[in-house]
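S.K.: Handing you this structure, nothing more for now.
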Amino acid sequence: MYTKKCVIDDLAVVSQDTLLVCNESDRQVELVSSQTGKVLSQLDLESWPCGVCLVGRDRAAVTLPGVQKVHLIKIKGNTLAKDKVLKVNGDVYGITTSGDNLVVTYNKQPWLEVITTDGKVLHQFHSTGETQHFKLPILITTSPDGTLWVSDCNNNTITKMDARLTILQTFTSPLLQTPLGITAVTEDEILVCSFYNRSLVLLQPSTNTMSTLLGKDDRIEKPNSLTYCPQKREIFVASDYTDSIKVFQFT
């Protein structure tokens, strides 16, 4: 599906039939049919989009690192429309929801913030010197129990945090080589793009184990973003400078 040569930085499932795609190359966010790959609607943005998440049933939020903003977008049927813009505290990369709020990642301190949809900062995560935890947190996801999961592509780690940005646990493995895209199937099934290992890694926190779910034999090449559709139990994967979004059944 979606045969378009471009860099896709993040994906989000809108419904079992549609995806939101962050198209870095064209500076657009696109609504794409997951059945046909056809672009149903698109919005031109003032900078390249990096992270995307749903906010309720009819809105999404997209991060724009180049201009240090978060764009809220309305979704009406198969049409996208711009809503409001939030100015944030740095080059913002990943984004997810925590209850009614947003959680964003930055490339420097504060590494993470919990903000309202009006832009008010509720919580921040700082760490410096010997206690510095992150080097470059990129993408972030929320599992069904409300736990946050952060991929750090420079540290080769996945960090588990609570809604107040307290670190609960850190995971690493030789299987993680530049982890980028991350999505939660359940609280004990976290999928991660291992970019330089050319694979998708399954993290199971309850046993502190990681295993290769999909690799080069499955036509995975430098994956950098993914998302999961619970209704169809499908994984959507985009690779660096992709010409397609690949779809796999999660079993």
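S.K.: Rolling a 1.4 angstrom probe over the protein heavy atoms, how many square angstrom per residue are accessible across region 200-247?
M.R.: So region 200-247 comes to 46 Å² accessible per residue, rounded to a whole number.
S.K.: While we're on this one: Can you give me the P(r) profile for the chain? Cα pairs, bins 10 angstrom wide beginning at 0, each as a whole percent.
M.R.: P(r) over the chain, rounded to whole percents: 8, 35, 39, 17, 1, 0.
S.K.: What are the ³J(HN,Hα) couplings of region 18-26, residue after residue, when phi is run through the Karplus curve with 6.51, -1.76, 1.60 and θ = phi - 60°? Round to Hz, x for glycine and proline.
M.R.: Listing the rounded values in order: 9, 10, 9, 10, 8, 9, 5, 4, 9 Hz.
S.K.: Another question, then. About its Cα centre, how strong a charge dipole does region 1-103 have in debye, to the nearest 20, once Lys and Arg get +1 and Asp and Glu get -1 at the Cβ?
M.R.: So the magnitude is around 240 debye.
S.K.: Let me ask something else. Can you spot the aspartates and glutamates whose alpha carbon is less than 16 Å from LYS120's alpha carbon? Ignore those fewer than 8 places along the same chain.
M.R.: ASP100
S.K.: A further question follows. In terms of the ratio Rg/(2.2 N^0.38 Å) built on C-alpha atoms, what value belongs to region 47-98?
M.R.: Computed over Cα atoms of region 47-98, the ratio equals 1.08.
S.K.: What ³J(HN,Hα) values, in whole Hz, does the Karplus curve 6.51 cos²θ - 1.76 cosθ + 1.60 give for region 122-135 when θ = phi - 60°, with x put for Gly and Pro?
M.R.: Working through the residues one at a time gives 9, 9, 9, 10, 10, 7, 9, x, 5, 9, 5, 9, 9, 10 Hz.
S.K.: For CYS153, tell me the accessible area in Å² from a 1.4 Å probe, rounded to the nearest 10.
M.R.: 20
S.K.: By a straight-distance test (C-alpha under 18 Å), which aspartates and glutamates pair with LYS222 as possible cross-link partners, with residues fewer than eight away in the same chain excluded?
M.R.: ASP9, ASP10, GLU24, ASP152, ASP240, ASP243
S.K.: Further question: Quick one: with all protein chains in place, what share of the accessible area of region 1-126 is carbon or sulfur, to the nearest percent (1.4 Å probe)?
M.R.: 41
S.K.: Moving on to the next point. Using only the C-alpha atoms of region 1-149, find the volume of their convex hull and express it per residue in Å³.
M.R.: It is 110 Å³ per residue.
S.K.: Now, a different point. With all protein chains present, calculate the accessible area of TYR93 using a 1.4 Å probe and round the result to the nearest 10 Å².
M.R.: Approximately 40 Å² for this residue.
S.K.: Just want to confirm a number: the relative contact order over the chain, from Cα pairs under 8 angstrom separated by 6+ residues, in percent.
M.R.: 14
S.K.: Please go through the residue pairs LYS4/LYS232; LYS135/LYS160; LYS108/LYS160; LYS84/LYS135 and name each one whose alpha carbons sit more than 26 Å apart in this structure.
M.R.: Correct reply: LYS84/LYS135.
The values are calculated or read from the model by the stated rules, or taken from the named source; none is laboratory data. The model shown is predicted, which means the values in this text are computed figures rather than measured ones. Cβ sites come from the backbone with ideal geometry, for glycine too, and all protein chains shown count toward neighbours. In case anyone asks, the SASA skips ligands and DNA or RNA and just uses the protein heavy atoms, side chains included. Shrake-Rupley method; radii C 1.70, N 1.55, O 1.52, S 1.80 Å.
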